[in-house]
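**Student:** Handing you this structure, nothing more for now.
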Protein chains: 2
Amino acid sequence: MHQQLINYINNHSTVPLTSEEETLIAASFHFRKLRKKQYFLLEGDVCRHTAFVIKGAMRQYSVDEKGVEHVVHLFLEDYWASDRESMIMLTPSVYNIDAWEETEILLITRAEMLVLMTKVPAVAEMIRLMDERNAIANQRRLSSAISSTAEKRYEEFANHHPRFIERFPQHLIASFLGITKETLSRIKKQSLR
Amino acid sequence: MHQQLINYINNHSTVPLTSEEETLIAASFHFRKLRKKQYFLLEGDVCRHTAFVIKGAMRQYSVDEKGVEHVVHLFLEDYWASDRESMIMLTPSVYNIDAWEETEILLITRAEMLVLMTKVPAVAEMIRLMDERNAIANQRRLSSAISSTAEKRYEEFANHHPRFIERFPQHLIASFLGITKETLSRIKKQSLR
DNA sequence: CACATCCGTTGATATTTATCAACGGATTTT
DNA sequence: AAAATCCGTTGATAAATATCAACGGATGTG
């Protein structure tokens, strides 16, 4: 059950895990299964866990005053999901995270993760790498949100995240890009010519 | 000259620096002065240094096919400037970073920073803290770029970054927010009513 | 001092994107 | 199998924002 996470860590660090370390990791993460639409994080709650997605699909979104959902992140297998701000600051989250498909995740608290990072160097290395990649991806996304048209953003997104397009319906992709589903529909139609 | 950085590190970590550590830090950072408009990073170059701003103001921006500048970051005293993607991946940067006012910075390479982090725990701690804050700030900015109107984005920006408004002209603020200077001018006029 | 440049503003207009409403096909639920 | 919900599309229209042009005041520069 934890094998996928073990593989993931080995693939994202330079020192292979010893079997003791593997045991320690397995003991630190707790398995949980989410049915479709079930919440991993509810707006207003403090985010206590980081989730590693073993199988399935989730989305993170806020809901504005008018009740409109704004998707800020999408997750598939091998993604890490959490609200970092809420978890670190211990403040109520403004986001919801729920399962789009039936989903299996491995959960760990921040405290446990910090301990694990000191005990298992490969985990610390992997986390640092993920933080780095995450920072770079966010910078790119921000840059394109500020300076690109809806069409270019979709194009770039489609090139970088073909798996998302296969797994999530178009109206979630639109929301993720910050446009309406109607606009995305028209963009796709146009760009065929 | 390095005193400001020393203070900064002490203010952003839990263990005070020893005088040996202070010496080490002072030896790792190199002072540089930039005239107005002088570049710290030029598009196409690989970003080799991180800059700590002692005094002055800088901006980071890309230039699109039409020659329009898009400001992605603004920096004042006590800010860290670099293009992380370029520095880590060793790829040519798509950004320029230049001085808006006459600016004094302290420079350090990534390799030197990594060494310093192992030798001085307080530096490692401070960097981790900055990474965290940065990740949170980027998440917020992304979220508002995707889901807020130009007016709300400006309002939020003005509340969170009053110093930027004092130091940078309005057209740079507009670009930072992803809108034109004309639109920002009209937004401000409207919101007076 | 004279000249040039920068900066914010305004008006007129064009473009992009959102909103609202409706539809048909697919899928899920009962 | 029938009913309900979800999903993508389209049309008509409204709202938000960009573009282009011009101006006057401020600031910087030779």
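**Student:** Would you be able to tell me the number of residues in the range B:147-175 that are under 21 Å from A:THR149 (Cβ atoms), within 13 Å of chain A (Cβ to nearest Cβ) and either assigned to a loop (DSSP other than H, G, I, E, B) or within 12 Å of DNA strand C (Cβ to nearest atom) (or both)?
**Tutor:** Going through the range B:147-175 one residue at a time, the tally reaches 6.
**Student:** Follow-up. With the requirement that a residue be among the small types (Gly, Ala, Ser) and over 20 Å from A:GLU20 (Cα atoms), what does the range A:112-149 give you?
**Tutor:** Of all residues in the range A:112-149, those among the small types (Gly, Ala, Ser) come to A:122, A:124, A:135, A:137, A:143-145, A:147-148.
Listed by number, the residues that qualify are A:ALA135, A:ALA137, A:SER143, A:SER144, A:ALA145, A:SER147, A:SER148.
**Student:** A follow-up question, please. Taking A:GLU65, is it touching a Gly at 6+ places or on another chain (Cβ under 8 Å) and either within 16 Å of DNA strand C (Cβ to nearest atom) or within 14 Å of chain B (Cβ to nearest Cβ) (or both)?
**Tutor:** no
**Student:** Looking only at residues in the range A:166-182 that are surrounded by fewer than 15 Cβ atoms within 10 Å (Cβ to Cβ) and modelled with pLDDT of 95 or more, which one is farthest from B:SER175 (Cα to Cα)?
**Tutor:** Per the criteria, the residue is A:PRO169.
**Student:** Here's another thing I want to ask about it. Any residue at all in the range A:105-124 that's among the acidic types (Asp, Glu) and within 13 Å of another protein chain (Cβ to nearest Cβ)?
**Tutor:** no
**Student:** How many residues does the range B:36-50 hold that are at pLDDT 95 or above, farther than 15 Å from B:SER62 by Cα and charged (D, E, K, R)?
**Tutor:** Result for the range B:36-50: 1.
**Student:** Within the range A:40-80, which residues are within 19 Å of A:MET130 (Cα to Cα) and hydroxyl-bearing (Ser, Thr, Tyr)?
**Tutor:** Of everything in the range A:40-80, those that are within 19 Å of A:MET130 (Cα to Cα) and hydroxyl-bearing (Ser, Thr, Tyr) turn out to be A:THR50, A:TYR79.
**Student:** Can you name the condition, by its number, that B:ILE136 falls short on among (1) assigned to a helix (DSSP H, G or I); (2) under 22 Å from the mean Cα position of the chain (by Cα); (3) within 15 Å of DNA strand C (Cβ to nearest atom)?
**Tutor:** With respect to (1) assigned to a helix (DSSP H, G or I); (2) under 22 Å from the mean Cα position of the chain (by Cα); (3) within 15 Å of DNA strand C (Cβ to nearest atom), B:ILE136 is out only on (3).
**Student:** Would you mind stating whether B:SER144 is surrounded by 15 or more Cβ atoms within 10 Å (Cβ to Cβ) and part of a helix (DSSP H, G or I)?
**Tutor:** It is true that B:SER144 is surrounded by 15 or more Cβ atoms within 10 Å (Cβ to Cβ) and part of a helix (DSSP H, G or I).
**Student:** Take the range B:110-146 and flag every residue that is of a type in the set (Val, Ile, Thr) and closer than 20 Å to B:ALA27 by Cβ.
**Tutor:** Correct list: B:VAL115, B:THR118, B:VAL120, B:VAL123, B:ILE127.
The values are calculated or read from the model by the stated rules, or taken from the named source; none is laboratory data. Please read these numbers as outputs of a predicted model, since none were measured by experiment. Methodologically, a virtual Cβ is constructed for each residue, glycine included, from the backbone with ideal geometry; neighbour enumeration extends over all protein chains shown.
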